[in-house]
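One structure is given below, encoded as structure tokens.
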Amino acid sequence: MAGIALEQVKKVYPDGTLAVSSIDLEIDDGQFGVLVGPSGCGKTTLLRMVAGLEPITSGEIRIGGVDVSDVPARDRDIAMVFQNYALYPHMNVFDNMAFGLRRRKLPKEEITKRVDQAARSLGLETQLKRKPRQLSGGQRQRVAMGRAIVREPQAFLMDEPLSNLDAKLRAQTRAEIARIQRELNVTTIYVTHDQIEAMTLGHVVAVMNHGNLQQLAPPEMLYSQPRNVFVAGFIGSPPMNLIHAELTQGDGGVTVRFGGHELPVPTRTLNRFPELGALAGRPVVLGIRPEDMFDPACNELSGGETATLEAMVDLRESLGSVADLHFGVDARAALPEEFVAESEAIEAEREDDEVVGADARFVARVDASSAIRGPGERAVLGVRLDRLYFFDPRSGEALCHPSATTAPVAAA
Amino acid sequence: MNRHPVVRKVGRILGLALLALAVLLVDFPVFLVVLNAFKSAADFANERLLPSHLNWENFNELSRVPFGRYVVNSFIVSTGGTALALFAAVLAGYSLSRFKGRGFDAYSRLLLGVQMVPVVVTLLPLFVIFKDLHLLDSYGGMILLYGALLTPFATWIAKSFFDTIPTDLEEAAWIDGYSRTQTLMRVVAPVAAPGLVSVALLAFITAWNEYLLASVFLSSINHYTVGVGLQNFQQQLGTTNWGPVMAGATIAMLPTVGVYLLFQRYFVRGALAGAVKG
Amino acid sequence: MSTIDATTAAGGFRRRRGEALRERARSWGFLAPSMVIIGLVTLYPLVYAIVLSLQHGSFTESGHWVGLSNFTELASDTQFIHALRFSAIFTVFSALGAYAMGLGFALAVNRLNRGRWLVRLGLLLPWVVPPVVSIIAWHWMLADNEAIVNKALGFFGVGPITFLASPFWASVTVIVLRIWRSFPFIFITLLAARMAVPEELYEAADLDGSGPLTTFRKITMPQLARVSVVAVLLVAIWSFNDFETIYLLTGGGPANATYNVVVLSYYQAFFGSNLGLAAAMAVVGLVLLLALSAVLLRLLRRMDPA
């Protein structure tokens with residue numbers, strides 16, 4: 001049982017590529033930490049450094065307070081679940097799970113006890129004599145987990161363990177993993193590119209991009225208080241609508257204008273974040289979550305400020321209880337890649353021609369009872385003004401975050 | 001395919017027949033050797049294709065020379081050379097597969113280049129060197145020679161087999177607490193075993209079939225390998241008495257053909273591992 | 001928890017580098033056995049051979065330096081030039097012939113639904129059988145006017161051919177024999193490569209109305225191109241370096257017609273007076289082979305980005 005701490009951990013490859021740049025991270029004892037981000041963001045590299053499979057260029061990694069930066073993987077007392085499971089093909093399930101224990105010279109009865117217990121917990125009792133190639137994908141995944149569990153390590157490290165499972169199995173196994181971690185109370189670091197896994201499993205989530213830590217926070221905070229455009233656009237499905245807009249000072253107050261639309265900025269927001277008001281007359285990045293928009297014909301809101309905008313809906317995706325309405329907005333979409341990152345390597349990657357986004361496309365999530373059908377339908381959509389996000393147009397940093405998290409009340 | 005089904009069927013049968021015929025023609029010389037081994041002198045004189053009866057006389061004639069010794073000698077040097085090459089190849093193949101770096105790339109290319117060198121280039125100096133070291137006409141010398149001959153290509157094939165073993169298998173073993181060498185022995189080698197068997201088989205057959213080195217470096221009759229011995233035997237008997245020579249040839253090819261027939265799958269896999277990757 | 005001060009951090013870095021160096025040393029250690037064997041038995045003699053080629057000597061007495069005179073002697077040696085020419089002809093025809101035969105069989109066997117393994121078994125035999133044995137077989141088949149091949153030719157009304165006594169026919173025979181021994185390797189390589197081509201490519205071509213010849217040119221050949229070059233390169237190398245086929249069947253004759261560089265070098269070494277000359281021949285052969293490989297490897301590299 002131990003917490004894991006990373007201090008200024010950095011990884012540069014021999015050819016000069018910066019994989020991970022000076023990350024500080026702390027996961028407390030017993031916590032479930034998730035590293036999430038798009039491919040290539042460095043999350044797997046970071047995990048492998050914690051495991052000892054990848055050398056650290058500089059910085060320090062501590063497990064249970066002990067500096068393990070120079071300790072080889074086999075002496076770190078950790079267990080890992082690999083993306084492709086990495087089961088030993090020439091051994092049966094029992095031996096796969098017992099292999100690590102045999103190394104530590106545990107008595108035979110203890111080994112058998114642990115393996116049997118884990119097998120029962122994972123539903124593998126009948127598979128113990130089989131070889132990996134005789135098992136299904138889901139079973140193999142469970143053997144990989146069993147192998148980690150029996151080690152009773154200081155920490156679990158998991159590298160996208162669900163990515164090779166089909167959707168239904170993934171959801172089931174996700175719940176299993178959460179249950180097991182809760183029961184065993186072992187510190188866990190879990191890597192995934194799927195933000196849903198991050199949000200549902202993690203006590204604390206680290207969002208990464210291009211080798212940098214974007215934000216480290218519990219899932220709810222990532223959702224309601226994203227630190228920058230990247231996190232805002234990464235967490236939440238469908239993703240937040242992000243657009244370049246302009247704050248204008250009118251006699252009625254401050255409004256935000258984009259693509260022919262104009263939305264008033266609530267005074268309460270301006271009072272909470274005076275810096276916002278100071279930006280009047282200047283460009284800004286506006287963020288609106290699809291679920292913070294609604295069909296005024298179905299939902300009436302009480303106790304919140306709203307405004308409407310007209311949109312030409314060109315696609316409606318029905319999802320059963322909700323429907324996603326797609327429409328275009330005549331303004332430039334704000335893409336996370338536009339914003340200068342702190343790491344040096346990113347400078348080289350910016351390709352300005354890609355960055356000039358053309359017309360933005362918005363998604364609004366409305367109640368399924370909405371009469372809006374699209375395509376080609378002119379509709380009036382409601383926007384919750386107390387849930388607008390604003391970001392600095394140069395750095396992408398959040399300028400404010402919404403206060404309330406309550407959902408709109410449906411019409412009776 | 002828009003041809004009439006009957007035409008297609010006939011075409012298929014014709015094609016199959018042609019293919020079968022082609023295969024028989026290709027293997028004809030080999031069949032002949034075996035057939036000729038059982039012919040009597042009369043059969044030869046009468047120019048019969050098939051022997052009239054199963055005639056073992058030719059095999060008896062083989063006892064004029066220590067043919068059994070030849071076979072044993074071949075076994076000794078082929079197995080020894082294979083073992084030596086396998087040992088070096090497994091270590092080198094693993095190393096080249098797992099470790100990256102300019103030195104390793106260069107060594108890889110060196111291994112390829114070395115296989116191009118005509119045996120005769122190194123043959124001459126080696127003869128001089130072996131003469132001085134008194135390694136001529138010895139088992140040890142031959143095993144060393146064959147080991148060196150087989151190592152580059154055995155390494156190349158072993159490397160491509162190791163390439164197919166994912167590194168996370170080793171990483172899982174390291175996390176389970178094993179060192180790299182222990183992992184090599186307890187995880188990598190067992191998983192690579194079929195591939196290594198292919199390497200060994202290919203090496204063995206190559207060594208068994210080798211002629212030039214054996215003919216130059218072995219001078220006493222009791223040390224001859226089966227290829228050299230057979231050739232020698234043929235020159236003794238000349239072109240009039242083919243029977244015993246054919247009998248000897250049949251025996252000479254039994255091990256390699258036998259190994260090939262029994263382990264065909266491994267053999268093919270090994271042959272491909274080297275070439276298709278290029 | 002402990003505070004990290006600069007010195008411990010630096011010490012950690014140094015310790016880390018030590019571990020990395022040890023791992024590097026271990027990896028080279030794994031290469032040691034093969035390096036020792038190859039170094040002693042192939043590389044050192046190779047250098048020695050070059051030294052020998054610059055000397056005039058024999059096996060019994062050490063030679064004296066003569067510089068490049070061995071090579072200049074070769075330049076005007078008609079027998080050597082003929083052997084060089086024949087090496088080239090032999091290599092080219094064997095490689096192309098083996099390729100044609102291997103390709104043909106590969107495509108034919110690929111269409112088989114059952115019994116593939118049996119045919120494969122049969123077709124690999126020429127490669128597996130010891131050269132001494134196969135040459136004895138062919139020798140018997142071609143030995144004289146009464147031999148079996150001539151008998152078969154007789155059925156077609158073709159006169160008996162003195163395969164081994166006529167310089168021309170001996171050359172042809174030796175090449176055919178080499179093709180016979182080499183094609184299985186190309187066959188199996190191309191068969192595997194052909195089997196690895198995704199069936200969808202052919203289905204798409206079929207839907208587009210592509211006939212068999214077009215499909216072959218546009219789909220099969222491009223997919224097999226890379227493997228073909230590698231396989232042909234290997235067969236060319238083996239053909240150039242071939243000793244057994246020529247030595248055991250014709251011994252370089254008749255009338256020196258079938259000498260290649262390798263066999264000639266052998267005879268010069270063991271039956272001639274100047275070991276250095278033999279070494280020089282071998283070195284020339286090696287240089288030519290390196291040139292050939294370089295050309296083909298460049299071709300290969302140019303094919304890769306495609």
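Taking the stretch B:150-179 on its own, how many of its residues are within 7 Å of another protein chain (Cβ to nearest Cβ) and part of a helix (DSSP H, G or I)?
Result for the stretch B:150-179: 9.
Residues of the stretch A:256-297 being closer than 30 Å to A:ARG316 by Cα and surrounded by fewer than 14 Cβ atoms within 10 Å (Cβ to Cβ), which ones?
Scanning the stretch A:256-297 gives a single hit, A:GLY260.
Check whether at least one residue in the stretch A:177-188 is crowded, with 24+ Cβ neighbours inside 10 Å, within 20 Å of A:THR45 (Cβ to Cβ), touching a helix residue (DSSP H, G or I) at 6+ places or on another chain (Cβ under 6 Å) and in contact (Cβ under 8 Å) with a residue 24 or more places away in the chain, and report yes or no.
Yes, some residue in the stretch A:177-188 is crowded, with 24+ Cβ neighbours inside 10 Å, within 20 Å of A:THR45 (Cβ to Cβ), touching a helix residue (DSSP H, G or I) at 6+ places or on another chain (Cβ under 6 Å) and in contact (Cβ under 8 Å) with a residue 24 or more places away in the chain.
Take the conditions free of Cβ contacts under 8 Å to residues at least 12 places away in the same chain and either under 30 Å from C:LEU207 (Cβ atoms) or more than 8 Å from chain C (Cβ to nearest Cβ) (or both) and apply them to B:LYS9. Does it pass?
Yes, satisfied.
Please verify whether B:ALA249 is in contact with a helix residue (DSSP H, G or I) (Cβ under 7 Å, 6 or more places away or on another chain), within 11 Å of chain C (Cβ to nearest Cβ) and modelled with pLDDT under 90, treating the condition exactly as stated.
no
Taking C:GLU73 and the conditions (1) away from chain B (no Cβ under 13 Å); (2) without any contact (Cβ under 8 Å) to a residue 12 or more places away in the chain; (3) of a type in the set (D, E, K, R), which numbered condition does it fall short on, given that it satisfies the others?
Looking at each condition in turn, C:GLU73 falls short on (2).
Out of the residues in the stretch A:91-102 that are surrounded by 17 or more Cβ atoms within 10 Å (Cβ to Cβ) and not polar (S, T, N, Q), which is nearest to A:GLY137 (Cα to Cα)?
A:VAL93
Checking C:VAL128 against (1) in contact with a helix residue (DSSP H, G or I) (Cβ under 6 Å, 6 or more places away or on another chain); (2) under 21 Å from C:PHE86 (Cα atoms), which single condition isn't satisfied?
Among (1) in contact with a helix residue (DSSP H, G or I) (Cβ under 6 Å, 6 or more places away or on another chain); (2) under 21 Å from C:PHE86 (Cα atoms), the lone unmet condition for C:VAL128 is (2).
Before we move on, is B:VAL226 within 12 Å of another protein chain (Cβ to nearest Cβ) and buried (at least 24 other Cβ atoms within 10 Å of the Cβ)?
In short, yes.
Hey, does the stretch C:127-138 have a residue that's farther than 17 Å from C:VAL235 by Cα, more than 7 Å from chain B (Cβ to nearest Cβ), without any contact (Cβ under 8 Å) to a residue 40 or more places away in the chain and part of a helix (DSSP H, G or I)?
Among the residues of the stretch C:127-138, not one is farther than 17 Å from C:VAL235 by Cα, more than 7 Å from chain B (Cβ to nearest Cβ), without any contact (Cβ under 8 Å) to a residue 40 or more places away in the chain and part of a helix (DSSP H, G or I), which makes the answer no.
Give the residue that is nearest to the chain's Cα centre (by Cα), with candidates limited to residues of the stretch A:141-170 that are within 21 Å of A:LEU201 (Cα to Cα) and among the charged types (D, E, K, R).
A:GLU160
Can you tell me which residue among A:VAL20, A:VAL71, A:VAL66, A:VAL9 is more than 14 Å from chain B (Cβ to nearest Cβ), over 18 Å from A:MET158 (Cα atoms), surrounded by fewer than 21 Cβ atoms within 10 Å (Cβ to Cβ) and aliphatic (A, V, I, L, M)?
Unique residue meeting the criteria: A:VAL66.
May I ask you to verify whether B:GLY103 is without any contact (Cβ under 8 Å) to a residue 24 or more places away in the chain and either over 14 Å from C:THR42 (Cα atoms) or more than 7 Å from chain C (Cβ to nearest Cβ) (or both)?
yes
Within the stretch C:155-164, how many residues turn out to be more than 12 Å from chain B (Cβ to nearest Cβ) and either closer than 25 Å to B:VAL34 by Cβ or of a type in the set (Gly, Ala, Ser) (or both)?
Residues in the stretch C:155-164 being more than 12 Å from chain B (Cβ to nearest Cβ) and either closer than 25 Å to B:VAL34 by Cβ or of a type in the set (Gly, Ala, Ser) (or both): 4 in total.
Within the bounds of the stretch C:19-38, is there any residue that is more than 25 Å from the chain's Cα centre (by Cα), at pLDDT below 65 and at the interface with another protein chain (Cβ under 8 Å from one of its Cβ atoms)?
Looking through the stretch C:19-38, none of the residues is more than 25 Å from the chain's Cα centre (by Cα), at pLDDT below 65 and at the interface with another protein chain (Cβ under 8 Å from one of its Cβ atoms).
Taking the stretch C:160-176, which residues are more than 14 Å from C:GLY97 (Cα to Cα) and touching a helix residue (DSSP H, G or I) at 6+ places or on another chain (Cβ under 6 Å)?
C:PRO160, C:ILE161, C:PHE163, C:LEU164
Kindly provide the set of residues from the stretch A:35-63 that are part of a strand (DSSP E or B) and either within 14 Å of chain B (Cβ to nearest Cβ) or closer than 19 Å to B:ALA173 by Cβ (or both), ordered by number.
Once the filter is applied, which keeps residues that are part of a strand (DSSP E or B) and either within 14 Å of chain B (Cβ to nearest Cβ) or closer than 19 Å to B:ALA173 by Cβ (or both), the stretch A:35-63 yields only A:ILE63.
Within the stretch C:193-211, does at least one residue satisfy the condition of being facing another protein chain (nearest Cβ under 10 Å) and either buried (at least 17 other Cβ atoms within 10 Å of the Cβ) or among the aromatic types (Phe, Trp, Tyr) (or both)?
yes
Which condition number in (1) under 30 Å from A:HIS90 (Cα atoms); (2) within 10 Å of another protein chain (Cβ to nearest Cβ) is the one that B:LEU196 fails?
Condition not satisfied by B:LEU196: (2).
If you check B:TYR211, B:TYR260, which single one turns out to be within 14 Å of the chain's Cα centre (by Cα), at the interface with another protein chain (Cβ under 8 Å from one of its Cβ atoms) and modelled with pLDDT under 90?
Step by step, each of B:TYR211, B:TYR260 is checked, and only B:TYR260 is within 14 Å of the chain's Cα centre (by Cα), at the interface with another protein chain (Cβ under 8 Å from one of its Cβ atoms) and modelled with pLDDT under 90.
Spot the failing condition for B:THR239; the list is (1) modelled with pLDDT of 85 or more; (2) at the interface with chain C (Cβ under 8 Å from one of its Cβ atoms); (3) closer than 26 Å to B:GLU57 by Cα, and only one is missed.
B:THR239 satisfies all of (1) modelled with pLDDT of 85 or more; (2) at the interface with chain C (Cβ under 8 Å from one of its Cβ atoms); (3) closer than 26 Å to B:GLU57 by Cα except (1).
Looking at the structure I just gave you, is C:ARG85 more than 10 Å from chain B (Cβ to nearest Cβ), exposed (fewer than 14 other Cβ atoms within 10 Å of the Cβ) and at pLDDT 85 or above?
Against the criterion (more than 10 Å from chain B (Cβ to nearest Cβ), exposed (fewer than 14 other Cβ atoms within 10 Å of the Cβ) and at pLDDT 85 or above), C:ARG85 qualifies.
Taking the stretch B:88-128 as the search range and keeping residues that are over 30 Å from B:THR183 (Cα atoms) and touching a Pro at 6+ places or on another chain (Cβ under 7 Å), which one is surrounded by the fewest Cβ atoms within 10 Å (Cβ to Cβ)?
Taking the candidates together, the pick is B:GLN115.
The values are calculated or read from the model by the stated rules, or taken from the named source; none is laboratory data. Computed from a predicted model, the values in this text were never measured in an experiment. With ideal geometry, Cβ positions are generated from the backbone for all residues, glycine too; neighbour counts draw on all protein chains shown.
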